[in-house]
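J.: Dropping the structure in here first, questions after.
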């Protein structure tokens, strides 16, 4: 399929709306009242960060699968892995929002060099997580519209950044999990 064979859709307004809304909703979770007993519908909230890490792990694996498939020129499998990465990321987002809207913040309890490593990883993870939202959506829209040269150009940035964000999400979880 070429660009001429595909009816081009303008995803730009949707990308901007989603990107701004996602960041705003995440920031807005800090304003919501927190759970008094650490549960939601009888479930311990502390189980959610583990679910988040699990979903981030799957996102990472799906992205690796997508990268392998595109290197093998298997576009259909590449698309399936990318869709799976978006689904696991969406499920992560729901779980993340639930946890951070209901639970008090957990602070890192370590010290020394690991504390600096933790905060470096956390800060880069947070900043790049905000950046990856529009990047991933733009990359997806260009792929869906079969704008292959434009898709490749931005995917060279999107893929490593998304891999970093999903991997460091798991890393942050393991570094802070003793303090939940």
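The values are calculated or read from the model by the stated rules, or taken from the named source; none is laboratory data. If you're wondering where the values come from, they're calculated on a predicted model, not measured in any experiment. Cβ atoms come from the backbone with ideal geometry, glycine included; neighbour counts cover every protein chain shown.
J.: Among residues belonging to the range 66-109 that are over 26 Å from residue 136 (Cβ atoms) and surrounded by 15 or more Cβ atoms within 10 Å (Cβ to Cβ), point out the one that is modelled with the highest pLDDT.
T.: Of everything passing the filter in the range 66-109, 108 is modelled with the highest pLDDT.
J.: Hey, another quick one. For the condition more than 18 Å from residue 54 (Cβ to Cβ), out of contact with any strand residue (DSSP E or B) (no Cβ under 6 Å at 6 or more places or on another chain) and outside any loop (DSSP other than H, G, I, E, B), what is the one hit in 86, 93, 120? Explain how you work it out, then say what you get.
T.: Details: 86 fails: more than 18 Å from residue 54 (Cβ to Cβ); 93 fails: more than 18 Å from residue 54 (Cβ to Cβ).
Among 86, 93, 120, only 120 is more than 18 Å from residue 54 (Cβ to Cβ), out of contact with any strand residue (DSSP E or B) (no Cβ under 6 Å at 6 or more places or on another chain) and outside any loop (DSSP other than H, G, I, E, B).
J.: List the residue pairs whose Cβ atoms are under 6 Å apart, where the first residue sits in the range 28-48 and is within 14 Å of residue 105 (Cα to Cα), the second is loosely packed, with under 14 Cβ neighbours inside 10 Å and modelled with pLDDT of 80 or more, and the two are 6 or more positions apart or on different chains.
T.: Sorted first by the residue in the range 28-48, then by its partner, the pairs are 34/104.
J.: Restricted to the range 135-163, and to residues that are in contact (Cβ under 8 Å) with a residue 40 or more places away in the chain and more than 16 Å from residue 83 (Cα to Cα), which residue is surrounded by the most Cβ atoms within 10 Å (Cβ to Cβ)?
T.: Restricting to residues being in contact (Cβ under 8 Å) with a residue 40 or more places away in the chain and more than 16 Å from residue 83 (Cα to Cα), the top hit is 147.
J.: Is it true that residue 52 is at pLDDT 95 or above and farther than 23 Å from residue 145 by Cβ?
T.: Details: at pLDDT 95 or above: yes; farther than 23 Å from residue 145 by Cβ: yes.
Answer is yes for this residue.
J.: Now, a different point. List the residue pairs whose Cβ atoms are under 7 Å apart, where the first residue sits in the range 70-81 and is under 16 Å from residue 149 (Cα atoms), the second is at pLDDT 95 or above and not in a helix (DSSP H, G or I), and the two are 6 or more positions apart or on different chains.
T.: Short answer, once both residue conditions are applied: none.
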